[in-house]
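Here is the structure we will look at.
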Amino acid sequence: DLVRSRGLGDVYKRQALKHAVEGAEDSPELGVADLKSINLRATDAVVGIAASGRTPYVIGAVDYARSIGAATISLTSNPQSELSSHVDFPIEIDSGPEVLAGSTRLKSGTSQKLVLNMISTITMVRLGKTFGNLMVDLQVTNGKLRDRAIRIIESATGAPRSQEEKALEASGFKIKTA
């Protein structure tokens, strides 16, 4: 949603595709503006990610989210960080010092990505986008995904491939329905 957002952050996002936008992370107002531009609601949840746990953009964003009643989560690599005190659910990963000092994309970034994968997987399960260990809300947008959809239907039903293909087409390529 942030990619589609309109407002103060747009200029930074377009520039950041080609060149580093220095200083953008130092603006709590920019974090607020980006969330306002996507019409964040109290029924939403915001995960603020900052290796240091003190990035002003992220703190501004989660403070705004919390002020409107949205659930707030932090993901940091710095135990007892400032960001953790601004959210409902802090997640702090102590991955230890980086192999290259100053490069948070190594251990810190990798550990945060693993946690984000867990959060998104749990979310998909809770939203009913899975059936057992099968992703049943897959968007069938190309041949590779069509084959995957058929294999998912086969695993779920045990039906012959010819029936699976017909069911998938008849459902408008909705795996759950097929």
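The values are calculated or read from the model by the stated rules, or taken from the named source; none is laboratory data. Here the structure is a predicted model, which is why all the values come from computation and not from measurement. With ideal geometry, Cβ positions are generated from the backbone for all residues, glycine too; neighbour counts draw on all protein chains shown. Ligands, DNA and RNA are stripped out before the accessible areas are found, and what is left, the full protein with its side chains, is counted by its heavy atoms. Shrake-Rupley method; radii C 1.70, N 1.55, O 1.52, S 1.80 Å.
Excluding same-chain neighbours fewer than eight residues apart, no lysines are reachable from K18 by a Cα-Cα span under 17 Å. Count the DSSP beta bridges whose two residues both fall in the chain, then state the antiparallel fraction as a percent rounded to the nearest 5. Among the beta bridges of the chain, antiparallel pairing accounts for roughly 15 percent. With r defined as the distance between the Cβ atoms of D88 and R126 and R0 fixed at 22 Å, what FRET efficiency is calculated, to the nearest 0.05? FRET efficiency, D88 to R126: 0.85. Taking every pair of Cα atoms in region 112-167, average 1/r, invert it to obtain the Kirkwood radius, and report Rg/Rh to two decimals. Looking at region 112-167, the ratio lands at 1.06. For region 77-178, the direction-averaged projected area of the alpha-carbon convex hull comes to 9.4 nm².
For D44, the amide hydrogen comes within under 5 Å of the amide hydrogens of A71, counting only partners 5 or more places away or on other chains and with H modelled in the peptide plane. Could you tell me how many degrees, from 0 to 90 and to the nearest 10, lie between the Cα long axis of helix 56-67 and the main elongation axis, the longest principal axis, of the Cα atoms of the chain? For helix 56-67, the angle is close to 70 degrees. The slack between R54 and R66, meaning 0.36 nm per residue of separation minus the straight C-alpha distance, is 2.6 nm. Each peptide among 97-103, 118-124 gets the average number of other Cβ atoms lying within 10 Å of its residues, and from highest to lowest they stand as 118-124, 97-103. For the chain, the longest principal axis of the alpha carbon atoms and the long axis of helix 161-170 meet at an angle near 60°.
Note on S103/K166: beta-carbon distance plugged into 1/(1 + (r/R0)^6) with R0 of 45 Å gives a FRET efficiency of 0.30. Probing with 1.4 Å while keeping every protein chain in the model, the per residue accessible area of the chain equals 63 Å². Tell me the carbon and sulfur percent of the accessible area for the chain, rounded to whole percent, probe radius 1.4 Å. Of all accessible area on the chain, carbon and sulfur atoms account for 55 percent.
Taken along the Cα-to-beta-carbon direction at a fixed 7 Å, the label points for Q80 and T141 span 4.5 nm. If you take all C-alpha pairs in the chain, what percent of them are over 25 Å apart? Result: 50 percent of Cα pairs exceed 25 Å.
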